[in-house]
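Below is one structure, written out as structure tokens, with a few remarks after it.
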Amino acid sequence: MTAQKGKDLLLKLDGDGAGTFTTVAGLRSRSIAFNAETVDVTHQESVGQWRELLAGAGAKHARIAGSGIFKDAASDALVRSYVFDGTIRHWQVIVPDFGTVQGPFQITSFELTGRHDGEVAFDLALESAGELSFTAV
């Protein structure tokens, strides 16, 4: 994969649960991380006392983080309500020349910041809340 513009990595939300995804905010930075826990099955007879892992047995999860500004008052109100209600919704992350990750996420962190001579900005973190799908480009 060649170098891509960071602005082309998009974060979208299915705000009404009908499968229609829209960009919620103008994100200035964003990241996505995939993790899989390991299940250690090492025992006394493990060759050379090397650790052994059980394939496919650990829990998988993803975390998305982003910061930016809301594009309008409706987007601000929607995300704010999800924070206070603990709502789980489907989100999409579109990674250029890689693919699209989609599935249920919950907002686990939300922070507002602002300077006296600037706009109000936010930082948010999403944690996966179920099975994710990946569609390659």
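By how many nm would the segment from A73 to K60 grow when fully extended, if each residue of separation counts as 0.36 nm and the alpha-carbon distance is taken off? List each step's numbers first, then the result.
Working: separation 13, 0.36 × 13 = 4.68 nm, distance 3.44 nm.
Here the answer is 1.2 nm.
I need the P(r) histogram for the chain: all alpha carbon pairs, bin width 5 Å from 0 out to the longest distance, whole percents.
Per 5 Å bin, starting at 0, the Cα pair percentages come out as 2, 9, 16, 20, 16, 11, 8, 6, 5, 3, 2, 1, 0, 0.
Quickly rank 78-86, 60-68, 28-36 as a protection proxy: mean count of other C-beta atoms within 10 Å, highest first. Let's see the in-between values first.
Details: 78-86: 14.2, 60-68: 16.9, 28-36: 12.4.
Highest to lowest by the protection proxy: 60-68, 78-86, 28-36.
Using the Karplus curve 6.51 cos²θ - 1.76 cosθ + 1.60 with θ = phi - 60°, what ³J(HN,Hα) values do you get for each residue of segment 61-76, in whole Hz, with x for Gly and Pro?
So the J values, rounded to whole Hz, are 7, 10, 10, 10, 10, x, 9, x, 10, 6, 7, 6, 5, 5, 5, 4.
So for the chain, taking the charge dipole from beta-carbon charges (+1 Lys/Arg, -1 Asp/Glu), which of V83, A65, T23 sits furthest toward the positive end?
So the residue we want is T23.
Simple spin-label model, 7 Å along Cα-to-Cβ: F84 to R51 in nm?
Label at F84, label at R51, 4.4 nm between them.
Can you give the Rg to Rh ratio of segment 58-108, both from alpha-carbon atoms, with Rh computed by the Kirkwood formula?
Working: Rg = 12.8 Å, Rh = 12.7 Å.
Here the Rg-to-Rh quotient is 1.00.
As a footprinting exposure proxy, order L13, L132 by other Cβ within 10 Å, with the fewest listed first.
Numbers: L13 21, L132 18.
With the sparsest Cβ surroundings first, the list reads L132, L13.
Each reported figure results from applying straightforward, stated rules to the coordinates on display, with no laboratory input. What you see is a predicted model, and the numbers here were worked out from it, not measured in a lab. As a convention, Cβ positions derive from the backbone with ideal geometry for all residues, glycine included, and neighbour counts pool all protein chains shown.
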